[in-house]
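Novice: Take this structure first; my questions come after.
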Number of protein chains: 2
Amino acid sequence: MRYGYLATMGTKPGHRDDLVKILLRGENGLRSAGCELYVVGHAESDPDTVWVYEVWRSKAHHDASLALPETRAAIAGAIPLLSGERTGQELLIAGGLGLPAEPRT
Amino acid sequence: MRYGYLATMGTKPGHRDDLVKILLRGENGLRSAGCELYVVGHAESDPDTVWVYEVWRSKAHHDASLALPETRAAIAGAIPLLSGERTGQELLIAGGLGLPAEPRT
């Protein structure tokens, strides 16, 4: 079953858009690593938090992606911007609009 | 800017998969209403909650979709299954993998 991950990441004041840019930079390499969705946003009520919603072919694809050079570069770039506040929620994805037609696990 | 909405919906015990089916049934009509993503899942730790992540071309598209016959039918079908516990979070979407190339607001 497809694997989802919903994360919120707090940034130091004023650095939200810098973090958004870093997170969107690695977008192209994600697809070949088994990522189906990687969507970055924020809530109007909270200027210093970034929300990321990810869907992967499987949890194994997600876990393996953490070792990719692009991922490690993004993490290294992000760390100085983070406040330390974060949440993460794993999900099992049933389906929906916007996913590739065939789950390829 | 694209509009996101993240919802959790509690179901009466044992009705999670019934709700998932109802939510996925309307999938086809959503695209023409301006919906770019509509992903349904659940968390392993909570058997009676459904998580929905939506991205729309704009908040206006989302709001207008609530009046569509398919949406009203889905809501009518869902209501008997719900526990009443729910959360909702509006988001502004910066971009990412899996969205159509051009924001068409």
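Novice: B:A73: under 22 Å from A:L23 (Cβ atoms), surrounded by fewer than 18 Cβ atoms within 10 Å (Cβ to Cβ) and out of contact with any Lys or Arg (no Cβ under 7 Å at 6 or more places or on another chain), yes or no?
Specialist: No, not satisfied.
Novice: Another question, if that's okay. Suppose we filter region B:31-48 for residues that are more than 10 Å from chain A (Cβ to nearest Cβ) and of a type in the set (S, T, Y); how many remain?
Specialist: The qualifying residues number 1.
Novice: For region B:4-42, how many residues meet the condition of being modelled with pLDDT of 95 or more and of a type in the set (D, E, K, R)?
Specialist: Counting residues in region B:4-42 that are modelled with pLDDT of 95 or more and of a type in the set (D, E, K, R) gives 6.
Novice: If you don't mind, there's one more thing I want to ask. Would you confirm, using the coordinates I've provided, whether B:R31 is of a type in the set (K, R) and in contact with a Lys or Arg (Cβ under 6 Å, 6 or more places away or on another chain)?
Specialist: Judged against the criteria, B:R31 is not a match.
Novice: Which pairs turn up if I take residues in region B:51-63 that are under 17 Å from B:P100 (Cα atoms) and look for partners that are outside any strand (DSSP E or B) with beta carbon separation below 6 Å, at least 6 apart in sequence or on another chain?
Specialist: From region B:51-63, the pairs are B:W56/B:G34; B:W56/B:H62; B:R57/B:G34; B:R57/B:R104; B:R57/B:T105; B:S58/B:T105; B:H61/B:G34.
Novice: Also, I was wondering about something else. Residues A:W56, A:W51: which one is within 12 Å of chain B (Cβ to nearest Cβ) and touching a helix residue (DSSP H, G or I) at 6+ places or on another chain (Cβ under 7 Å)?
Specialist: A:W56
Novice: Failed condition for A:M1, given (1) surrounded by 14 or more Cβ atoms within 10 Å (Cβ to Cβ); (2) modelled with pLDDT under 95; (3) more than 24 Å from B:Y38 (Cβ to Cβ), with all others met?
Specialist: A:M1 satisfies all of (1) surrounded by 14 or more Cβ atoms within 10 Å (Cβ to Cβ); (2) modelled with pLDDT under 95; (3) more than 24 Å from B:Y38 (Cβ to Cβ) except (3).
Novice: Among the candidates B:L66, B:L6, B:L82, which residue alone is in contact (Cβ under 8 Å) with a residue 40 or more places away in the chain and away from chain A (no Cβ under 13 Å)?
Specialist: B:L82
The values are calculated or read from the model by the stated rules, or taken from the named source; none is laboratory data. Small disclaimer: the values here were computed from a predicted structure and weren't measured. Positions of Cβ are backbone-derived with ideal geometry, glycine not excepted, and every protein chain shown enters the neighbour counts.
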